[in-house]
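Engineer: Just dropping this structure here.
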Amino acid sequence: MKFPRFEMERWQSEWEHHVRFNLGESGVHPLRLDEVVPAEERDALFKTELAYLQTDGTSELKESIARLYPGATADNILVTTGSIEANFQALLHLLEPGDRVLFMRPNFLQMQGLTQAFGAHSIPFYLKEPADWTLDLNEVSDLCSKGVKLIVVTDPNNPVGSVLSLEQRRGLEELAARAGAWLVVDEVYLGAELEGDTLPSWWGTYPKTVVTCGLSKAYGLPGLRVGWIVALPEIVQSCWAGKDYTSISISALSEKLAIRALQPDKRAALLERTRSIIRPNWEIFASWMEDLDGILTCVPPKAGAIAFPRYHLDINSSQMAQRLMKEKSVLICPGDQFGLDGFFRVGLGNPAAEFRQALEEVAAGLRLIRDQGA
Ligand SMILES: Cc1ncc(COP(=O)(O)O)c(C=O)c1O
């Protein structure tokens, strides 16, 4: 089994700590520990025994997570090390070599890489930019007619920040049901909506749905490395069997902090914080873009701390990202890393003042490329 290089993860990991402005992130600026735990609760946290935990998640944490999903109980939950492990375990359990997997594009390419590594076939279906990054259910229906084991969806989407309408969701569920396929839905950006309230989860309508999620994006707590799977109990059991081979349990400190973050009032405050960062930053971004003489156009994102503008310059996106990094010390993620050249992903999660400065650097870099060429 060989894993293809995960270009975006490697790009971020190699460079994000070496640039002046990191616009490569897809989540909001992370919280500090002292912002999460008030002074009067620190002594108790310090007394946490640094032990292994129940490996599928403690009952308390599983119940806290289950409360987010109507009709779910702790038996429907597997706690994982980030949603990245949730995706890994879900696909490890569901896929056999030779299976056909319909894979939403553009996308965070983890599950595509896993599909390849597990010897299955990944067949793309596309969110379309001219249709505001919505999908064509007829296209999916045609692909389903040739047989499909699994449909992989990221909703809200990374990198484009789109959200499928309830009609499109139902349409996809019907196609999955007709084909007898599983649906794996990565919902890690749910809760980071640019307008309105938190959208409902995909959980609860189509039984063969496996939802993956975690605290890294909408909650601003990526360093906790807490994620989860929501699925039928038999799926949870078999993903748990896989997890015994990868991470055993999450850390005892993360477990305590995750329970805290999921208390209803704390959760509401965390999601509110996220929105209070991304909503004004999107406004800043949109008006900045207007002053760029048409170099960029962008379908407004609906959720996630990300925008995915198209650039109207004659340069490959990875080359452009390299130049912005070297000449302006700004990290962005090139569209190439999502399988879509001609675009790049910008994080909307930085503090506003820093975000404005970073955008000034990007604007200068883009103008230079326009005037001097690649
Ligand atoms: C769609 C998606 N899923 C999963 C992950 C992994 O997140 P984590 O493991 O931090 O929860 C990311 C990270 O960028 C992502 O964009």
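The values are calculated or read from the model by the stated rules, or taken from the named source; none is laboratory data. Keep in mind that this is a model prediction, so the values were computed, not measured. As a convention, Cβ positions derive from the backbone with ideal geometry for all residues, glycine included, and neighbour counts pool all protein chains shown. Side chains included, ligands, DNA and RNA excluded: accessible areas come from the protein's heavy atoms. Shrake-Rupley method; radii C 1.70, N 1.55, O 1.52, S 1.80 Å.
Engineer: Do we find that ASP371 is assigned to a loop (DSSP other than H, G, I, E, B) and more than 18 Å from the chain's Cα centre (by Cα) in this structure?
Structural biologist: Considered against the rule, which asks whether it is assigned to a loop (DSSP other than H, G, I, E, B) and more than 18 Å from the chain's Cα centre (by Cα), ASP371 comes out as no.
Engineer: Does SER26 qualify as being assigned to a helix (DSSP H, G or I) and within 24 Å of ASP155 (Cβ to Cβ)?
Structural biologist: no
Engineer: Any idea which of LEU270, LEU232 is at pLDDT 95 or above and touching a strand residue (DSSP E or B) at 6+ places or on another chain (Cβ under 9 Å)?
Structural biologist: Answer to the selection: LEU232.
Engineer: Of the conditions (1) open to solvent by 10 Å² or more (accessible area, probe 1.4 Å); (2) within 16 Å of the ligand (Cβ to nearest atom); (3) more than 24 Å from GLU283 (Cβ to Cβ), GLY204 satisfies every one except a single condition; which number is it?
Structural biologist: Tallying (1) open to solvent by 10 Å² or more (accessible area, probe 1.4 Å); (2) within 16 Å of the ligand (Cβ to nearest atom); (3) more than 24 Å from GLU283 (Cβ to Cβ), GLY204 fails exactly one: (2).
Engineer: OK, next. Name the one entry in ASP341, ASP293 that is at pLDDT below 95 and assigned to a loop (DSSP other than H, G, I, E, B).
Structural biologist: Working: ASP341 fails: at pLDDT below 95.
Just one listed residue meets the conditions, ASP293.
Engineer: Here is a list: LEU164, LEU150, LEU224, LEU172. Which entry is hydrophobic (A, V, I, L, M, F, W, C) and either out of contact with any strand residue (DSSP E or B) (no Cβ under 8 Å at 6 or more places or on another chain) or within 11 Å of the ligand (Cβ to nearest atom) (or both)?
Structural biologist: It is LEU224.
Engineer: When the residues of region 113-122 are narrowed to those that are out of contact with any helix residue (DSSP H, G or I) (no Cβ under 6 Å at 6 or more places or on another chain) and more than 13 Å from the ligand (Cβ to nearest atom), which ends up nearest to ALA305 (Cα to Cα)? Give the derivation first.
Structural biologist: First, the residues of region 113-122 that are out of contact with any helix residue (DSSP H, G or I) (no Cβ under 6 Å at 6 or more places or on another chain): 113, 115-121.
Among the residues that remain, those that are also more than 13 Å from the ligand (Cβ to nearest atom) are: 115-121.
On the way: THR115: 27, GLN116: 28, ALA117: 29, PHE118: 31, GLY119: 33, ALA120: 31, HIS121: 30 Å.
By that ranking, first place goes to THR115.
Engineer: Looking only at region 99-112, filter to residues that are within 12 Å of the ligand (Cβ to nearest atom) and open to solvent by 10 Å² or more (accessible area, probe 1.4 Å); which one of those is nearest to the chain's Cα centre (by Cα)?
Structural biologist: PHE108
Engineer: If you don't mind, another one. In region 335-374, how many are buried (at least 21 other Cβ atoms within 10 Å of the Cβ), touching a residue at least 60 places away in the same chain (Cβ under 8 Å), of a type outside the set (S, T, N, Q) and within 27 Å of MET104 (Cβ to Cβ)?
Structural biologist: 9
Engineer: Can we say PRO130 is within 28 Å of PRO300 (Cβ to Cβ) and touching a residue at least 40 places away in the same chain (Cβ under 8 Å)? First the steps, then the outcome.
Structural biologist: Details: within 28 Å of PRO300 (Cβ to Cβ): yes; touching a residue at least 40 places away in the same chain (Cβ under 8 Å): no.
So PRO130 fails the test.
Engineer: Next question, about the same structure. Does SER162 fit the bill of being under 13 Å from the mean Cα position of the chain (by Cα) and either modelled with pLDDT under 95 or among the polar types (S, T, N, Q) (or both)?
Structural biologist: yes
Engineer: Could I ask something else about it? Out of the residues in region 113-127 meeting the condition of being without any contact (Cβ under 8 Å) to a residue 60 or more places away in the chain and among the aromatic types (Phe, Trp, Tyr), tell me which one is most open to solvent (accessible area, probe 1.4 Å).
Structural biologist: Ranking the candidates gives TYR126 first.
Engineer: Listed residues ALA218, ALA241; which is open to solvent by less than 10 Å² (accessible area, probe 1.4 Å) and either small (Gly, Ala, Ser) or more than 12 Å from the ligand (Cβ to nearest atom) (or both)? Give the steps one after another, and end with the answer.
Structural biologist: Working: ALA241 fails: open to solvent by less than 10 Å² (accessible area, probe 1.4 Å).
The conditions single out ALA218.
Engineer: Still on this model: Just to be sure I understand, how many residues within region 77-98 are more than 9 Å from the ligand (Cβ to nearest atom) and either open to solvent by less than 30 Å² (accessible area, probe 1.4 Å) or assigned to a helix (DSSP H, G or I) (or both)?
Structural biologist: The number of residues fulfilling the criteria is 11.
Engineer: Now for a different question. List every residue pair whose Cβ atoms lie under 8 Å apart, where the two residues are 6 or more positions apart in sequence or sit on different chains, the first residue falls within region 262-283 and is more than 19 Å from GLU195 (Cβ to Cβ), and the second residue, located anywhere, is in a helix (DSSP H, G or I).
Structural biologist: These pairs meet every condition: LEU262/LEU61; LEU262/SER64; LEU262/ILE65; GLN263/SER64; LYS266/ARG260; ARG267/ALA261.
Engineer: Quick one: VAL28 ticks every box in (1) crowded, with 21+ Cβ neighbours inside 10 Å; (2) under 22 Å from LEU340 (Cβ atoms); (3) touching a residue at least 40 places away in the same chain (Cβ under 8 Å) except a single one, so which number is it?
Structural biologist: If we test VAL28 against (1) crowded, with 21+ Cβ neighbours inside 10 Å; (2) under 22 Å from LEU340 (Cβ atoms); (3) touching a residue at least 40 places away in the same chain (Cβ under 8 Å), just (2) comes out false.
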